[in-house]
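Enquirer: Here it is: the structure, laid out below.
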Amino acid sequence: MPPITDLFQRLPMGIVILDFAPGDGTARIHSINQAFEVATGWNAARLVGHPAGVLLGEQGHHLVIRQIHQGLATAGQWSGSVVVTTPSGQPALHDWAVATLSAEQPNLAVVAVQSNAGAQLVEFVQRVTREPITGLLTKTAVVDVLAQRVRRADQGERPYPMVAHIDIDRFASLRSLMPNEAVDRLLRMIAELIIQAVGPDCAGYVEPDRFLIVTNDLHALEQVLDAFGRRFDVAGSSVYLTATAGLALYPGDGRTADELLRAAVVATQDGKRAGGDGLFFYHETSAARIERIRRIEDGLRDPNWPSGAHLLFQPKIILATGRLAGVEALLRWSHPVLGPISPSEFIPIAEQTRLIGRIGSWVAETALNQFGRRFGASDISLCINVSPQQLLESNTDFDAQVLSQADAAGLVPSQVILELTEGMFSDRTVLARAGQLRASGLGIAIDDFGREYSSLALLTQLPATKLKLDKSLSDGVALDVRKARVVRRVVDLAHDLGMRVVAEGVEHQDQLPPLAEMGCDEVQGYVFARPMALAEVPLVV
Ligand code: C2E
Ligand code: CA
Ligand code: CA
């Protein structure tokens with residue numbers, strides 16, 4: 001990426017960029033643009049890199065430079081008449097307007113050689129350096145900051161710089177649910193949090209959902225990511241965000257701004273693949289990772305699949321009575337060479353490679369059969385996780401399959417609950433299909449509510465019978481008063497809408513009384529039971 005000073009080349013007004021040596025009243029000419037060459041007859045070769053005295057005269061230039069420097073320090077800009085020397089050595093009067101380029105590079109000043117250019121110049125500098133929605137730096141400007149830091153690091157400055165490339169998780173679906181000005185407000189809130197953590201001069205915004213931060217302070221970055229974990233109130237609803245940050249460190253991950261930026265982007269992509277939500281370092285292991293993904297894909301594609309696969313069932317317990325409410329089917333798979341692999345790793349790969357349809361069908365059929373044999377028609381329910389593609393692929397009629405298999409297993413449709421994550425509903429087709437599933441008598445659960453972003457307003461529009469509070473909401477509910485207040489509102493609203501509420505990932509006894517007090521109906525988590533073979537599932541705990 002070209003440095004920001006290059007942007008002035010295109011301006012129709014004559015521009016000189018001065019590079020001040022702080023303190024001693026001298027400056028060098030950093031660059032000039034074409035319009036300046038045309039207007040004055042100077043050419044870059046004779047000026048660039050030379051002391052300002054060449055242009056301003058050996059005698060008077062210290063005084064002028066000091067005046068400009070003072071003006072910039074106090075007001076951020078300076079204007080006045082200046083005697084300059086023409087290439088032939090004659091004096092000429094110029095009207096100069098001067099502005100600092102950016103706070104990060106206070107030694108660089110842009111000079112417009114035109115008396116009425118002051119306001120225009122400041123505006124232009126703003127425009128090339130500040131992004132209008134968030135007020136953060138533009139991408140060009142922040143890459144320039146990075147290039148500066150790299151240059152200073154090359155000269156021995158410590159600590160070394162690093163760059164973080166931050167991507168808001170699931171922003172596309174969030175965006176589709178909110179009016180534009182609410183999205184802008186949300187972006188501004190995020191920008192403020194970033195500015196609080198690292199200041200205004202080393203963070204940039206890149207449309208539509210990415211931020212760049214140049215820093216040498218890992219703690220500040222962690223602070224930024226933590227800040228994403230709070231609730232954002234926009235457009236009358238509460239939004240929960242997470243972000244994935246890829247981090248590249250000078251000099252190990254790159255020796256130039258461009259190399260570092262590329263590494264940070266790769267780290268973000270790898271982080272997303274690993275589930276996102278957190279800080280991910282760039283390591284030169286991408287090749288190994290790609291190889292692993294390829295082998296997992298081969299394993300899933302293998303005609304022998306589901307060899308190596310089986311289901312476990314995790315009990316859901318009625319909080320008030322300790323009785324079994326139902327079970328959630330969770331897929332387990334052991335790769336022939338790589339060994340056991342978490343569904344959090346292989347399900348996304350199956351989704352990306354369109355293998356999820358076949359896998360999901362096997363899960364549904366197997367779960368319904370096993371469950372039917374153990375529980376039959378009863379008030380105990382079976383939850384099955386469903387990926388969006390299973391509903392989108394028109395060649396597999398997923399609901400017809402589930403309904404007929406449930407019937408064959410001796411179950412009533414309302415015993416079968418399909419778990420869909422909240423984000424899936426932002427796709428209109430999925431939303432419509434979920435409505436059809438609901439209408440056919442199957443239960444619908446909103447899974448992982450509170451993990452990514454969560455809209456209370458959206459809840460009212462979904463055809464769901466159950467709401468599953470993500471582990472991140474259940475965690476700390478005994479200690480965190482704010483979280484407790486959020487959970488209480490969510491539970492109340494879900495009840496008003498006729499949904500039952502399940503708290504997921506509950507690990508500790510002390511979480512149970514507050515969850516009960518807030519009205520949670522069911523609990524699923526290690527506190528009661530881990531995923532287990534169906535035969536071992538107890539009726540009461
Ligand atoms: P999920 O649907 O949110 O499932 C709950 C996950 O939380 C399970 O992880 C479960 O083992 C884990 N868990 C339950 N209680 C606790 C607890 O108290 N503490 C902690 N730390 N974890 C707890 P698992 O089995 O690794 O599954 C991960 C994810 O993979 C699932 O998240 C689900 O999204 C996906 N998945 C699993 N099986 C299937 C499937 O058959 N189809 C699809 N599409 N996705 C599946
Ligand atoms: Ca689930
Ligand atoms: Ca879940």
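Enquirer: Could you give the C-alpha radius of gyration of the range 353-418 expressed as a fraction of 2.2 N^0.38 Å, taking N as the number of residues it contains?
Expert: It is 1.08.
Enquirer: Quick check: convex hull over the Cα atoms of the range 195-299, volume per residue in Å³, rounded to an integer?
Expert: 134 Å³
Enquirer: A 19 angstrom limit on the alpha carbon distance is what I want to check against. Which of Lys316/Lys466; Lys272/Lys316; Lys272/Lys466 exceed it?
Expert: Result: Lys272/Lys316; Lys272/Lys466 exceed 19 Å.
Enquirer: Mind sorting Ile195, Ile446 by how few other Cβ atoms lie within 10 Å of their own Cβ, fewest first?
Expert: Ile195, Ile446
Enquirer: Then there is this: Taking the Cβ of Leu11 as the centre, find all other residues whose Cβ is under 13 Å away and add up their charges (Lys, Arg: +1; Asp, Glu: -1).
Expert: Surrounding charge for Leu11 is -1.
Enquirer: Between Asp379 and Glu58, what length comes free when the chain is fully extended (0.36 nm per residue of separation minus the Cα-Cα distance, one decimal in nm)?
Expert: Between Asp379 and Glu58, full extension yields 106.1 nm more.
Enquirer: For the chain, what does the helix formula give at 222 nm: sum of -39500 (n - 2.57) over DSSP H segments with n ≥ 4, over the residue count, nearest 500 deg cm²/dmol?
Expert: One gets -12000 deg cm²/dmol as the mean residue ellipticity at 222 nm.
Enquirer: Just to be sure I understand: of the beta bridges DSSP finds with both ends in the chain, what percent are antiparallel, rounded to 5?
Expert: Counting DSSP beta bridges with both partners in the chain, the antiparallel share is about 70 percent.
Enquirer: To continue, here is another question. If you bin every alpha carbon distance in the chain into 20 Å steps from zero, what whole percent lands in each bin?
Expert: It works out to 19, 41, 24, 14, 3, 0, in whole percents.
Enquirer: Most exposed first by the Cβ proxy, i.e. fewest other Cβ within 10 Å, how do Val82, Val163 rank?
Expert: Starting with the residue having the fewest Cβ neighbours, the order is Val82, Val163.
Enquirer: Once you charge only the Cβ atoms, +1 for Lys and Arg and -1 for Asp and Glu, what is the size of the charge dipole of the chain about its Cα centre, to the nearest 20 debye? Walk me through the intermediate numbers first.
Expert: Numbers: 48 positive and 61 negative charges, 32 e Å.
Value, rounded to 20: 160 debye.
Enquirer: Please compute the contact order of the range 414-502 in relative form: average sequence separation of alpha-carbon pairs under 8 Å and at least six residues apart, divided by the residue count, as a percent. Spell out each step's value before the answer.
Expert: Numbers: 112 pairs, mean separation 23.3, N = 89.
Normalised by residue count, the contact order of the range 414-502 is 26 percent.
Enquirer: Take the alpha carbon gyration tensor of the range 436-481, find the square roots of its eigenvalues, order them as a ≥ b ≥ c, and report rounded if a/c is under 1.5; if not, report prolate when a/b exceeds b/c, else oblate.
Expert: Judged from the Cα gyration tensor, the range 436-481 comes out prolate (a/c at least 1.5, a/b above b/c).
Enquirer: Additional query: Straight-line reach only, C-alpha to C-alpha below 19 angstrom: list the aspartates and glutamates that Lys139 could link to, leaving out same-chain residues fewer than 8 apart.
Expert: Those aspartates and glutamates meeting the cut-off are Asp6, Glu104, Glu123, Glu131, Asp167, Asp184, Glu192, Asp201, Glu207, Asp209, Asp258, Glu259.
Enquirer: Now for a different question. Give the Rg (one decimal place) followed by the Dmax (whole number) of the range 417-523, computed from C-alpha coordinates and expressed in Å.
Expert: Expressed in Å, the Cα Rg and Dmax of the range 417-523 come to 13.6, 41.
Enquirer: Another question, then. What number results when the radius of gyration of the range 91-234, computed over Cα atoms, is divided by 2.2 N^0.38 Å?
Expert: My calculation over the Cα atoms of the range 91-234 gives 1.23.
Enquirer: Listed highest first by mean packing, meaning other Cβ atoms within 10 Å per residue, what order do 207-215, 340-348 come in?
Expert: Descending packing order for the listed peptides: 207-215, 340-348.
Enquirer: Would you please put 171-182, 415-426 in order of how densely packed they are, using the mean number of other Cβ atoms within 10 angstrom per residue and starting with the highest?
Expert: My ranking of the peptides, most packed first, is 415-426, 171-182.
Enquirer: Decide, for the range 465-541, between rounded, prolate and oblate: order the square roots of the alpha carbon gyration tensor eigenvalues as a ≥ b ≥ c, take rounded if a/c falls under 1.5, and otherwise choose prolate if a/b is larger than b/c, else oblate. Write out the running numbers ahead of the final one.
Expert: Working: a/c = 2.34, a/b = 1.42, b/c = 1.64.
Judged from the Cα gyration tensor, the range 465-541 comes out oblate (a/c at least 1.5, b/c at or above a/b).
Enquirer: Compute the distance from the alpha-carbon center of the range 331-371 to that of the range 246-321, in whole Å.
Expert: Computed from Cα coordinates, the inter-centre distance equals 17 Å.
Enquirer: Using alpha carbon coordinates only, what is the Rg to Rh ratio of the range 179-255, with Rh defined as the Kirkwood radius?
Expert: 1.00
Enquirer: Percent of Cα-Cα pairs per 10 Å bin, from 0 to the last occupied bin, for the range 211-264, please list those.
Expert: For the range 211-264, the pair-distance distribution reads 21, 40, 24, 12, 2.
Enquirer: Can you work out D for the range 30-104 in µm² s⁻¹ from Stokes-Einstein, where Rh is the Kirkwood radius over C-alpha pairs, the temperature is 25 °C and the viscosity is 0.890 mPa s?
Expert: 186 µm²/s
No lab work stands behind these numbers, since they all come straight from the coordinates. This one's a predicted model, so the numbers in the text were calculated from it and none came from an experiment. Every residue, glycine among them, receives a Cβ derived from its backbone with ideal geometry; neighbour counts consider all protein chains shown.
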